[in-house]
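Please read the structure below before turning to the comments.
The values are calculated or read from the model by the stated rules, or taken from the named source; none is laboratory data. Please read all numbers here as calculations on a predicted model, not as lab measurements. Positions of Cβ are generated from backbone atoms using ideal geometry, with glycine treated the same way; all protein chains shown enter the neighbour counts. When the accessible area is computed, the model is the full protein with side chains, heavy atoms only, and any ligands, DNA or RNA have been set aside. Shrake-Rupley method; radii C 1.70, N 1.55, O 1.52, S 1.80 Å.
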Amino acid sequence: MKKKIIVLALAAATTTIMTTTAKACSRMTLDTPYGVSQVRTLDWGEKLGTVAIVTPVGTAVTTKAVPSYGNSASWTVKYPTLNLEEREVFVDTSGEAINSEGLSASTLYLYDSQAFIKDYKDTGAPAVNWGDAAAFMAQNFKTVQEAVSAFNANEFQFAWADGIHGTQHGLHISVQDKSGDIALFELNDGGKMVVHRGSVNDKMRVMANAPLQQFHDANAEKIGDLAVLENGHKIGSTISSPERMLRGLYNSEHIRFSPQATWAQTEGKLQSTFDAGNLVPQDIIDPANGETYATWIQYTYNLENGSFKMRNMDTYSDIRINLHELASINTVSCADLVEQAEVSGTATFTPCK
């Protein structure tokens, strides 16, 4: 697809922006001459890692414990999937997952939703533990529309009450595919699930943390036309989620990818666009909550050409995977990307222990 990114409105820093306590993480999904591409970070107050797991077609999966729900999800993997687990802090939580068909899923922190968990009611659908949510999406769906249709048909639900290893968290998850379609799943007031729809051509191209998407939208409406360069002066410079969201939208509004550029040049431009507004340096305090949460891990990948890169921001080492080779791995296999990136530029997968 070669869609033009449309103009968005953003919130002025001079106007009150809704903020709440939040951990960090950001996602930016843009169209390029080489296909839809994404940059996503893992940001936290403690150092994070990444273990990559390849699950072949036909792998039987049962979600982690969901004792609060009457129906536990289990499934057979439909598409070869690269599942990226965080194990340093979150034990074995899937934060990002990408399948061979050009769909990926991204789970990010959303503190505001935690208050609504008490009001969420079991729908009777198979419940997916949040530690498996991103992997579940990529292993089961080829397109965003398929995922949304299945959710609307009550074919699955998220196990809010059971959290991650029994600890409740406010979270939200987006799914995006190589057509540029995007859906964002959030828990709202009263325990109501809301699915926001959009694409790389609108404000859904950027994802951060709190507040809820409708408040990000309200912030965005206050600043005016982003085609007016001077409106960039109205966006704040802190690491808070609302301001990261605005900077990501503003920066991505003003870049243009050249069809004459190589993929390496395109990837570099994509990377720098994200880093300029969304990367979180170490030691910087968020004035909205008095916390610090640096970017430790960054994923940059293309849903069309199969390029994937993980960068460890602690040592600035990186490592690559060819997503088109996932189908050639016929057993569940693992690679500690942080460890391997210190000695090699290409990941090596071996059967998981």
Mind checking whether some residue in region 65-79 is within 23 Å of Glu325 (Cβ to Cβ) and outside any loop (DSSP other than H, G, I, E, B)? yes
In region 136-158, what count of residues is obtained for those that are closer than 15 Å to Leu187 by Cα and surrounded by fewer than 16 Cβ atoms within 10 Å (Cβ to Cβ)? 1
Matching residues in region 263-275 - criterion: being open to solvent by 50 Å² or more (accessible area, probe 1.4 Å) and in contact (Cβ under 8 Å) with a residue 12 or more places away in the chain: Lys269
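Scan region 336-349 for residues that are in contact with a Ser or Thr (Cβ under 7 Å, 6 or more places away or on another chain), outside any helix (DSSP H, G or I), in contact (Cβ under 8 Å) with a residue 40 or more places away in the chain and not aromatic (Phe, Trp, Tyr) and jot them down.
Step one: filter region 336-349 for residues in contact with a Ser or Thr (Cβ under 7 Å, 6 or more places away or on another chain), giving 337-338, 340-342, 349.
Checking which are outside any helix (DSSP H, G or I) leaves us with 342, 349.
Filter once more, keeping what is in contact (Cβ under 8 Å) with a residue 40 or more places away in the chain: 349.
Residues satisfying the conditions do not exist here.
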For the structure I just gave you, tell me whether Glu101 is farther than 18 Å from Gly166 by Cβ and open to solvent by 50 Å² or more (accessible area, probe 1.4 Å). yes
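Looking at region 276-291, which of the residues that are surrounded by 18 or more Cβ atoms within 10 Å (Cβ to Cβ) and in a helix (DSSP H, G or I) is nearest to the chain's Cα centre (by Cα)?
Of region 276-291, the ones surrounded by 18 or more Cβ atoms within 10 Å (Cβ to Cβ) are 277-280, 286, 288.
Still in the running and in a helix (DSSP H, G or I): 277-278.
On the way: Gly277: 16, Asn278: 13 Å.
Ranking the qualifying residues of region 276-291, first place goes to Asn278.
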Is it fair to say Ala115 is among the aliphatic types (A, V, I, L, M) and under 20 Å from Ala65 (Cβ atoms)? no
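When you scan region 147-155, do you find a residue that is hydroxyl-bearing (Ser, Thr, Tyr) and over 24 Å from Thr41 (Cβ atoms), even just one? Talk me through it step by step, then tell me what you get.
Start the filter on region 147-155 by keeping residues that are hydroxyl-bearing (Ser, Thr, Tyr), which leaves 149.
Narrowing the set further to residues that are over 24 Å from Thr41 (Cβ atoms) leaves 149.
There is at least one residue in region 147-155 that is hydroxyl-bearing (Ser, Thr, Tyr) and over 24 Å from Thr41 (Cβ atoms).
Would you check which residues across region 170-197 are in a loop (DSSP other than H, G, I, E, B) and either open to solvent by less than 30 Å² (accessible area, probe 1.4 Å) or touching a Leu at 6+ places or on another chain (Cβ under 6 Å) (or both) and list them?
Across region 170-197, the qualifying residues are Gly170, Lys178, Gly180.
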If a residue has to be over 16 Å from Asn140 (Cα atoms) and either surrounded by fewer than 18 Cβ atoms within 10 Å (Cβ to Cβ) or of a type outside the set (A, V, I, L, M) (or both) to count, how many in region 45-83 make the cut? 12
Can you tell me which residues in region 292-335 are small (Gly, Ala, Ser), in contact with a helix residue (DSSP H, G or I) (Cβ under 8 Å, 6 or more places away or on another chain) and either open to solvent by 10 Å² or more (accessible area, probe 1.4 Å) or without any contact (Cβ under 8 Å) to a residue 12 or more places away in the chain (or both)? Ser307, Ser317
Among Glu230, Glu267, Glu304, the single one that is part of a loop (DSSP other than H, G, I, E, B) and of a type in the set (Asp, Glu) is Glu304
Tell me, which residue of region 147-164 that is in contact (Cβ under 8 Å) with a residue 12 or more places away in the chain and in a helix (DSSP H, G or I) is farthest from Trp75 (Cα to Cα)? Ala161
